[in-house]
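All remarks here apply to the structure that follows.
The values are calculated or read from the model by the stated rules, or taken from the named source; none is laboratory data. All values reported here derive from a predicted model rather than from experimental measurement. No Cβ is skipped: glycine too gets one built from the backbone with ideal geometry, and neighbour counts run over all protein chains shown.
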Amino acid sequence: MDPYEKYIASNPSKCIVCGSAFASERSAITKEFTGEYYSFCSSSCLGTFEADPEKFVRFEEEEENGH
């Protein structure tokens, strides 16, 4: 199983930008950033992420750590 397939199989279906839930296995909108894959519910959310990806990756890490 390649890294993208592992991501789809194990990643919760939640847009990193807006928090919207969706079926990640059906998402055609994905982006690799620093070796991780992220799925988006819309091209608008992808554009927002691409403008400042560190903002969203940092926020996701803080949520996971409880800060």
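Quick one: residue 31 ticks every box in (1) modelled with pLDDT under 75; (2) not in a helix (DSSP H, G or I) except a single one, so which number is it?
For residue 31, the exception is condition (1).
Which of the residues belonging to the range 34-61 are in contact with a helix residue (DSSP H, G or I) (Cβ under 7 Å, 6 or more places away or on another chain) and at pLDDT 95 or above?
Selection gives 49 alone.
Name, by its number, the condition in (1) in a helix (DSSP H, G or I); (2) of a type outside the set (D, E, K, R); (3) at pLDDT 90 or above that does not hold for residue 17.
Here residue 17 meets the rest and fails (1).
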